[in-house]
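A quick write-up on the structure given underneath.
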Amino acid sequence: LKDGLGRVRARLGMGEEGPSLSLYDDSGQPRVTVGVPTNGPALALYDTNGKSRASVVVLADGPHLTLYDAEGKVRARWAVLDNVPALTFDDNDGRTRLGLAVSPFGPQVDMFDAQGKLLYSIPPTRSQ
């Protein structure tokens, strides 16, 4: 689809992985893509420079939300896997530094140093 000035503002496509719809801003940058690839529905959001900043996918193991910094590096993930919500935060080098989860046995917190070594953990405990 084109706007009144002839600029592409939306594209509907069908690829090997399934259908997708992409929406573009007035400068021609992609801002939103929605698709249904074979592994599950997906949504991607882009900044004004066309870099991915957030994505949501629903896979067989549950929903996943990923947030990216201005350089496109993963900085945070939120997922619900097998009915257990989990949140992780990554540093500039892509290493997970903090992980949080809530299992049926309680909350869990894990903190890691820059080399990935576990510094601190509060594991879930089975309630008696």
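Taking segment 81-97 as the range and being aliphatic (A, V, I, L, M) and surrounded by 16 or more Cβ atoms within 10 Å (Cβ to Cβ) as the test, only A86 passes.
Of the strands (runs of 3 or more DSSP E) lying entirely inside segment 1-52, those containing at least 3 residues that are more than 18 Å from A70 (Cβ to Cβ) and at pLDDT 95 or above are 10-15, 18-24, 30-35. None of S52, S103, S121 is of a type in the set (S, T, N, Q) and either touching a His at 6+ places or on another chain (Cβ under 7 Å) or closer than 30 Å to D26 by Cβ (or both) except S52. In the set (1) of a type in the set (K, R); (2) in contact with a Leu (Cβ under 7 Å, 6 or more places away or on another chain); (3) more than 30 Å from L119 (Cα to Cα), the condition left unmet by R53 is number (3). Residue selection: S22 fails the criterion of being surrounded by 11 or more Cβ atoms within 10 Å (Cβ to Cβ) and closer than 30 Å to V102 by Cα.
The values are calculated or read from the model by the stated rules, or taken from the named source; none is laboratory data. Just so you know, these numbers come straight off a predicted model, no measurement behind them. All Cβ positions, glycine included, derive from the backbone under ideal geometry; neighbour counts span all protein chains shown.
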